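Readers should treat all values here as calculations from the given coordinates under stated rules, not as data from a laboratory. Since we're looking at a predicted model, the values are computed, not measured. Here the Cβ is made from the backbone with ideal geometry for all residues, glycine too, and neighbour counts use every protein chain on show.
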Amino acid sequence: MSAEFLDKTSSNEWNSFVDISPQGSVFCYYEWLEFSTDNDFQILVYRENGKIIAGMPLPFYSTNRIRLPVLTQKMGVLYEDFSDLKYTTKLDKEKKIVYDFIDVLKSHKKSYSMNFDWHFDNWLPFYWRGYEQTTRYTYVIDYNEKDLDLIWQDMDQKTRNSIRKALKHPLNVLETYDLMEFYDINKKTFSRQGMKTPYSYEYIKKLYDTFNQQIKIFKAEDNSHNVHAMNFYISDKRSVYYLMSGADADFRSSGAQDLIHWKAIEYYYDKVGYFDFEGSMIENIESNFRKFGAIQKPYFHIYNKSILRKLKDIAKIILKR
Amino acid sequence: MNILFISNLYPAYEGHSVQEISYTLHDIVKHWVKIHNVVVVRPYFVPQKKRIHYERSFLLDDVSVYNLPVLKDWWMDAVCGEDKWDVILIKNENDVIIASMPYYIRNKFGVKIITQPPLTQTNGVYIKYPEGQKLCSRISYEKDIIYEIDEKLKELKIDYYNQNFHYTFTNWQPFYWKGYSQTTRYTYILKDLSNLDKVYGNFNKSKRKYIKQNEKIYKVYKTEDIKTFYALNTKVFKRQNLKIPYSLNLIEKLDKILLEKKSRVIFAIDDKNGDTICMLYLVFDNKSSYLLMSGTDPDTRDFNVKTLLVWEAIKFSSQKKLIFDFEGSMVENIATFFKEFGAEPTPYFNISKTFSMKGKVSNLVKPIYHGFKKLGK
């Protein structure tokens, strides 16, 4: 038993493993890796009695810099559900697996920088192999803890008012299949902030075609069919993720975005366990999610830096001065 | 108006063991306070390890007791030296303290830094939350406090800041927005010692086997001999080519005050010749015990002997209904040793920030130095 690369013929086996792993998500599916890396990836798996019990997707494997593809929230290391194991056994097992994975990365001189699912809770084996870690947050509504009434009550007063206002306007929320329309409004949102859209239309078209069944685009429009805002959601067996959005600057104060979120929260309520806003470390965005009463879930960002890279960092600091 | 200022004779927290003499005093005070309309004030110590005790202001015998901040903490006095530490206090609009952050400040080679004091696992920010606070308000409440702390840290004109936070502190995002860095470390904890058989059952096999075979061979006893403890500890560090990170003077000072506060116990084991081969220094308050220091004679043939002392310390903590905190280590071997007692790794935050060029350089020199040392090997 040791780490090995997954064979392409085992892609279905991998996807089923992703479905049962507590750390698994849509971002780890074989097809996600295919589309987001343009087929430049490997998946390390660890088998026990022939069965996959752990895995580590490695996007952009040929480049020596393992990192997250665009629009990908997290990958990291996935385990089978070890919660029935005795605590020390679980820790030992995780350590053995992570060491085996790291051995492969080190022998192929790959640097690694990755976000982990918030169910991954022990990074010590990475630490002992010289990796570094920091904690980031995502904002999640746990459907198992609250019914819709309680979710509504836990929301910030201002957000509730904004939704009420949007309903009174009236704004209607409906599903759309027009990806081009979405991309246009999404792009405008970026350019308004002086930013380049970090992905092309072709990229999200590929995403949309691959995961058609799991994607919903909702838009809010008024009675004259002016589109105020659009949100893009993708779901897996466990969660729904708020992936992208766009809003028209002319209707910024109509509360459309809040209304879409609320309708989406309602829509997914009986379909998945978690509504995941996909955390942001950006201050303004974070406060928005918080107002929906979402819980802060800490997750790990784990990375390693070569000495060369550390020297580069120092040079940067000195040059800046 | 009459004001009564109570010293530490008065119970500081619920369930605090009260001695007969204070019972009598309480009774007298209780009546006197009611008749003369007296305002009762008690010192609100800067929370260190005993943070929990001071979180509530409370009613005792129908007398409401007001907390008055006192910038004294014997632990920090002992480990830092009285003039080498201070505390940042954050007050709300009613002038009530809602957060505090004790810090140890040092000047090394002209670089002014805030860092962890010796032998102290956690400093960082302690926050008092209003009751029934909504989750979304809680996070902005934390943000306001932390932003204020950042302002006060800037005023201190330090070059570098680095502190470990208590494991109940989980939201470091406001620090992130102010340019701080964070990483997760682990302490090892046995939370529930109410059923010792169960605790013992969670030890791994080799630990249980060792205890069974050696319990009768060695005799664990309590001692007051801090000098022997220090000598043994020095030997342990020396064997690993390390300098012991604390002086005898510091240990004696700390031990004296811990003894006074009845907050420590030292366990030891001798070999057949009567030489002490292993010692363990346990500190405790009314919530938790902390394995502060321990050492096994590097010359002894039995390296597992510490297992017996840890087991003894766990039994001791169980009697006192405490949580057992191994005071985690990020060192692999040590973590493995703790894990074998069934202890759960509990994450806590290390938060740091470089405030100046000086701080940056001194910080960068370290990893490069170690990096080159590694390369040389």
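Side notes on the structure shown:
- Residues B:Val199, B:Val331, A:Val240 in ascending order of nearby Cβ atoms (within 10 Å, fewest first): B:Val331, B:Val199, A:Val240.
- With 20 Å as the limit on Cα-Cα distance, the pairs of A:Lys316/B:Lys154; A:Lys90/B:Lys207; B:Lys91/B:Lys360 that go past it are A:Lys316/B:Lys154; B:Lys91/B:Lys360.
- FRET efficiency, 1/(1 + (r/R0)^6) with R0 41 Å, evaluated for B:Asn2 and B:Glu260 via beta carbons: 0.85
- Taking chymotrypsin sites (Phe, Trp or Tyr not before Pro) across segment A:92-190, the ones in a DSSP loop with at most 15 further Cβ atoms lying within 10 angstrom of their Cβ are A:Tyr177.
- Inter-label distance, nm, simple model (7 Å from Cα along the C-beta direction), A:Lys196/A:Gln214: 2.9 nm
- Ranked for footprinting exposure by Cβ neighbours inside 10 Å, fewest first, A:Asp100, B:Asp27 give B:Asp27, A:Asp100.
- Tail beyond 20 Å, pair distance distribution of segment A:99-186 (Cα, percent): 67 percent
- Note on chain A: along the principal axes its Cα atoms extend 62, 53, 36 Å, ordered by decreasing extent.
- Over all distinct Cα-Cα pairs of the protein assembly as shown, the Kirkwood formula returns a hydrodynamic radius of 28.9 Å.
- The distance between label points at B:Asp225 and B:Val331 comes to 2.4 nm (points 7 Å beyond Cα on the Cα→Cβ vector).
- Relative contact order %, segment A:140-298, counting alpha carbon pairs below 8 Å whose residues are six or more apart: 34 percent
- Annotation: aspartates and glutamates with alpha-carbon distance below 20 angstrom to B:Lys287 (same-chain offsets under eight excluded): B:Glu14, B:Glu55, B:Asp73, B:Asp192, B:Asp255, B:Glu260, B:Glu312, B:Asp325, B:Glu327, B:Glu344.
- Here the convex hull built on the C-alpha positions of segment B:194-321 has a volume of 114 cubic angstrom per residue.
- Helix A:256-268 and the longest principal axis of the C-alpha atoms of chain A enclose an angle of approximately 60°.
- Convex hull volume of segment B:250-377 per residue (C-alpha atoms, cubic angstrom): 191 Å³
- Taking the three principal axes of the alpha carbon atoms in segment A:140-298, the coordinate ranges are 39, 35, 29 Å, sorted in descending order.
- DSSP-loop GluC sites (Glu not before Pro) across segment B:116-205, with at most 15 other Cβ within 10 angstrom: B:Glu131
- Relative exposure of B:Val265, B:Val361, A:Val98, judged by other C-beta atoms within 10 Å (fewest first): B:Val361, B:Val265, A:Val98
- Using a simple spin-label model with pseudo-atoms 7 Å out from Cα toward Cβ, B:Asp192 and A:Tyr267 lie 4.3 nm apart.
- In chain A, the longest principal axis of the Cα atoms and the axis of helix A:87-107 are about 80 degrees apart.
- Angle of helix A:307-320 to the longest C-alpha principal axis of chain A, folded into 0 to 90 degrees and rounded to 10: 50°.
- Amide H to amide H, with H built 1.01 Å from N, B:Tyr188 comes under 5 Å of B:Phe326, B:Glu327, B:Gly328, B:Ser329, B:Thr346, counting only residues 5 or more places away or on other chains.
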